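The values are calculated or read from the model by the stated rules, or taken from the named source; none is laboratory data. The structure presented is a predicted model; accordingly, all values stated were derived computationally and were not measured. Using ideal geometry, Cβ is built from the backbone for each residue, glycine included, and neighbour counts are taken over all protein chains shown.
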Amino acid sequence: MGFAAHLFQKRSLSVLARMKNKKIAFILYNYPLGVSMMIINTIALLKRDNEVVVFINDNQHKSNPCEQWLADMCISLPDRFLPKNKVWCVVVKIGYFLWYALLSLLGNFVSWEKKNSRLFYFADLLKKELSKKAYDILIPVESLSLIVANYACDVPTGMVYFDMELLDWGSVNPLYRDKVELKKRQYTALQQVDHVMITSPERAKIFAEINKFDPQCISVLPVVPLRKNCENKSIYFREKFSIAEEQLVAIYVGSFKPWSQCIEIIKSMDRWPDNAVLVMHTWNRQELKSRYFDKMQEAACGRPVFFSSEYLLLPELNSALTSADVGLLFYESIDANFSEICFSSNKMGEYVAAGLPVIASPFPSLKSFIEKQGIGKAVPFDDIGDALRTIHKNKNIYQQNVMKCAATLFSFEEYFSVAWACYDDYKRK
């Protein structure tokens, strides 16, 4: 059964008429609001007929900007105490630094709760906020936010959990510290969850197995863009880096981390067409201070690589991406969170929305989807060059396939309606 058929076989698209006049609170602790297409799109659609707010920790809110309409909906709460006096504020910050350094050194001798005292400070403030108004639905995003919501919510209410990272019971993962301890608390907090939103049918199946969670209480809500009219191609990155019109631009957008295999992408360029260049863009400038980025720069030496790090709002990013020819998405095969990435990747949604064919990791499900839809290639690094040549030679065919895919499978509204219909059915039982 195809992806869309799996989603649409049982649900009516008109059921959202019943999802009106609700008081809804999103909860994001240490999760970036302005870069997650799935979250932004959900908020945009829910706020049309409901009262929606976003509780977010102050540090995250200040570090990662978002569109103004989103910022206007945010209630930013501190995730640690800081005095108003500037001098004392500096003293307290130094104290916090020393305290967390000590906790890190003590390691296993300190409880998870002590190590995450900032989270519980935020949770205490959130608890006070939730006592001021009766919310119909709480929507925590990712595991830390779920733990916060479970701690802060005294009064029974509807809770819909947005699972983005498919946290399993494995003990080793470069994305987490104390992963098993985190997983235990996520698992406990899931007992208070009415419904889960996750990004693909396969991930839904894996989530249900990992967490012993009722599959009937899981909806699929993929990371795809809102429906929009196709825009004319821009010259954003070509103009920024003085890239000639006849050159083929491959672009990577996302985190500069080992699991995103940026260095492997750069080194594969020795087999690329002579006229091809690589643009690597991240929204997180802090990553430019990392040792991994230093290694990326070393690998880029002598190769036509351009690095970009300005923060672009989603509409601006979409326009900028149209100046490229092909989008790249590669992931290290760490666990199912990475290998089952097809409808969970912001990159994929952003590239297709911008009309770009894609070249991706040859994971079986990702390769099957890309080749069936005819929107690109899923190949090992040594074959990226040949994939670029094939796509460029047949660019009109690939672009038409991408446009068709965007219009049929990458339109968020339909999935949104079906996902919330499933939740509404559950609440009516």
Residues of segment 177-218 satisfying the condition of being at pLDDT 90 or above, more than 29 Å from Lys114 (Cβ to Cβ) and among the small types (Gly, Ala, Ser):
Ala204, Ala208
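Can you name the residue in segment 157-168 that is modelled with pLDDT of 80 or more and in a loop (DSSP other than H, G, I, E, B) and, of all such residues, is surrounded by the most Cβ atoms within 10 Å (Cβ to Cβ)? Full working, then the answer.
Our first condition is that a residue be modelled with pLDDT of 80 or more; within segment 157-168, this holds for 158-168.
Those still in the list that are in a loop (DSSP other than H, G, I, E, B) too: 163-168.
Working: Asp163: 27, Met164: 20, Glu165: 15, Leu166: 21, Leu167: 23, Asp168: 17.
Once the filter is applied, the top-ranked residue is Asp163.
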Does Ser171 fit the bill of being hydroxyl-bearing (Ser, Thr, Tyr) and part of a loop (DSSP other than H, G, I, E, B)?
yes
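Among residues belonging to segment 387-410 that are closer than 15 Å to Gln373 by Cα and hydroxyl-bearing (Ser, Thr, Tyr), point out the one that is surrounded by the most Cβ atoms within 10 Å (Cβ to Cβ). Lay out the reasoning, then the answer.
At the first step, the residues of segment 387-410 found to be closer than 15 Å to Gln373 by Cα are 391, 394-410.
From what is left, the residues that are hydroxyl-bearing (Ser, Thr, Tyr) are 398, 408.
Numbers: Tyr398: 23, Thr408: 11.
Among them, the one singled out is Tyr398.
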Of everything in segment 180-206, what is under 21 Å from Ala149 (Cα atoms), free of Cβ contacts under 8 Å to residues at least 60 places away in the same chain and buried (at least 18 other Cβ atoms within 10 Å of the Cβ)? Give them in sequence order.
Lys183, Gln186, Ala189, Leu190, Val193, Val196, Ile198
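Yes or no: Ser309 surrounded by fewer than 16 Cβ atoms within 10 Å (Cβ to Cβ), within 19 Å of the chain's Cα centre (by Cα), not assigned by TED's automatic domain parsing to the domain that holds Val172 and not charged (D, E, K, R)? Explain how you work it out, then say what you get.
Details: surrounded by fewer than 16 Cβ atoms within 10 Å (Cβ to Cβ): yes; within 19 Å of the chain's Cα centre (by Cα): yes; not assigned by TED's automatic domain parsing to the domain that holds Val172: yes; not charged (D, E, K, R): yes.
Judged against the criteria, Ser309 is a match.
Select from segment 124-156 the residues that are of a type in the set (Gly, Ala, Ser) and either under 19 Å from the mean Cα position of the chain (by Cα) or surrounded by fewer than 24 Cβ atoms within 10 Å (Cβ to Cβ) (or both) and write down the one among them that is farthest from Ala204 (Cα to Cα). I'd like the intermediate steps shown before the answer.
Going residue by residue through segment 124-156, those that are of a type in the set (Gly, Ala, Ser) are 131, 134, 143, 145, 149, 152.
Checking the rest, the ones that are also either under 19 Å from the mean Cα position of the chain (by Cα) or surrounded by fewer than 24 Cβ atoms within 10 Å (Cβ to Cβ) (or both) come to 131, 134, 143, 145, 152.
On the way: Ser131: 33, Ala134: 30, Ser143: 16, Ser145: 19, Ala152: 26 Å.
Among those residues, the one meeting the criterion is Ser131.
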Could you check Pro222 against (1) farther than 27 Å from Glu332 by Cα; (2) buried (at least 18 other Cβ atoms within 10 Å of the Cβ) and say which number it fails?
(1)
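Select from segment 207-258 the residues that are among the polar types (S, T, N, Q), out of contact with any strand residue (DSSP E or B) (no Cβ under 8 Å at 6 or more places or on another chain), touching a residue at least 24 places away in the same chain (Cβ under 8 Å) and assigned to a loop (DSSP other than H, G, I, E, B) and list them in ascending order. Before the answer, list the steps.
Taking segment 207-258 and keeping what is among the polar types (S, T, N, Q), we get 211, 216, 219, 229, 232, 234, 242, 247, 255.
Next, only the ones that are out of contact with any strand residue (DSSP E or B) (no Cβ under 8 Å at 6 or more places or on another chain) stay: 211, 216, 229, 232, 234, 242, 255.
Next, from what is left, pick out any that are touching a residue at least 24 places away in the same chain (Cβ under 8 Å): 211, 216, 232, 234, 255.
Once the filter is applied, which keeps residues that are among the polar types (S, T, N, Q), out of contact with any strand residue (DSSP E or B) (no Cβ under 8 Å at 6 or more places or on another chain), touching a residue at least 24 places away in the same chain (Cβ under 8 Å) and assigned to a loop (DSSP other than H, G, I, E, B), segment 207-258 yields Asn232, Ser234, Ser255.
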Filtered residue count, segment 320-363, keeping only those that are under 17 Å from Gln261 (Cα atoms) and part of a helix (DSSP H, G or I)
7
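Just to be sure before I move on: is Ile266 assigned to a helix (DSSP H, G or I), out of contact with any Ser or Thr (no Cβ under 7 Å at 6 or more places or on another chain), touching a residue at least 12 places away in the same chain (Cβ under 8 Å) and more than 24 Å from Ala406 (Cβ to Cβ) in the structure I sent? Steps first, answer last, please.
Working: assigned to a helix (DSSP H, G or I): yes; out of contact with any Ser or Thr (no Cβ under 7 Å at 6 or more places or on another chain): yes; touching a residue at least 12 places away in the same chain (Cβ under 8 Å): yes; more than 24 Å from Ala406 (Cβ to Cβ): yes.
Yes; evaluated as a whole, the condition is true for this residue.
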Between a first residue in segment 411-429 that is in the same structural domain as His195 (by TED's automatic domain parsing) and a second residue that is among the hydroxyl-bearing types (Ser, Thr, Tyr) and modelled with pLDDT of 80 or more, which pairs have beta carbons less than 6 Å apart while being 6 or more apart in sequence or on different chains?
Ala419/Ser219; Cys422/Ser219
Which of the residues belonging to segment 128-156 are at pLDDT below 90 and among the acidic types (Asp, Glu)?
Asp154
Going through (1) surrounded by fewer than 20 Cβ atoms within 10 Å (Cβ to Cβ); (2) of a type in the set (Asp, Glu); (3) over 20 Å from Leu166 (Cβ atoms) one by one, Asp325 fails only at (1)
For segment 359-418, give me each residue that is among the charged types (D, E, K, R) and under 22 Å from Val253 (Cα atoms).
Lys367, Glu371, Lys377, Asp382, Asp383, Asp386, Arg389, Lys395
Residue match in segment 389-410 (condition: of a type in the set (Gly, Ala, Ser) and under 24 Å from Met280 (Cα atoms))
yes
Does Glu316 fit the bill of being without any contact (Cβ under 8 Å) to a residue 60 or more places away in the chain, of a type in the set (Asp, Glu) and closer than 24 Å to Ser36 by Cβ?
yes
As an exercise: evaluate Val249 against (1) in contact with a Ser or Thr (Cβ under 8 Å, 6 or more places away or on another chain); (2) surrounded by 14 or more Cβ atoms within 10 Å (Cβ to Cβ); (3) modelled with pLDDT under 95 and give the number of the one condition it does not meet.
(3)
Enumeration of residues in segment 369-386 that are exposed (fewer than 14 other Cβ atoms within 10 Å of the Cβ) and touching a Pro at 6+ places or on another chain (Cβ under 8 Å):
Pro380
Looking at Leu103, is it closer than 23 Å to Ser145 by Cβ and either modelled with pLDDT of 85 or more or not basic (Lys, Arg) (or both)?
yes
Quick check: is even one residue across segment 276-286 assigned to a helix (DSSP H, G or I) and not β-branched (Val, Ile, Thr)?
yes
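Would you confirm whether any residue within segment 290-298 is touching a Leu at 6+ places or on another chain (Cβ under 8 Å) and either closer than 28 Å to Ile39 by Cα or surrounded by 15 or more Cβ atoms within 10 Å (Cβ to Cβ) (or both)? Reasoning before the result, please.
Taking segment 290-298 first, the residues touching a Leu at 6+ places or on another chain (Cβ under 8 Å) are none.
For segment 290-298, residues touching a Leu at 6+ places or on another chain (Cβ under 8 Å) and either closer than 28 Å to Ile39 by Cα or surrounded by 15 or more Cβ atoms within 10 Å (Cβ to Cβ) (or both): absent.
Is segment 281-289 home to any residue that is more than 24 Å from the chain's Cα centre (by Cα) and surrounded by fewer than 15 Cβ atoms within 10 Å (Cβ to Cβ)? Even if it seems obvious, please write down each step before you answer.
Taking segment 281-289 and keeping what is more than 24 Å from the chain's Cα centre (by Cα), we get none.
For segment 281-289, residues more than 24 Å from the chain's Cα centre (by Cα) and surrounded by fewer than 15 Cβ atoms within 10 Å (Cβ to Cβ): absent.
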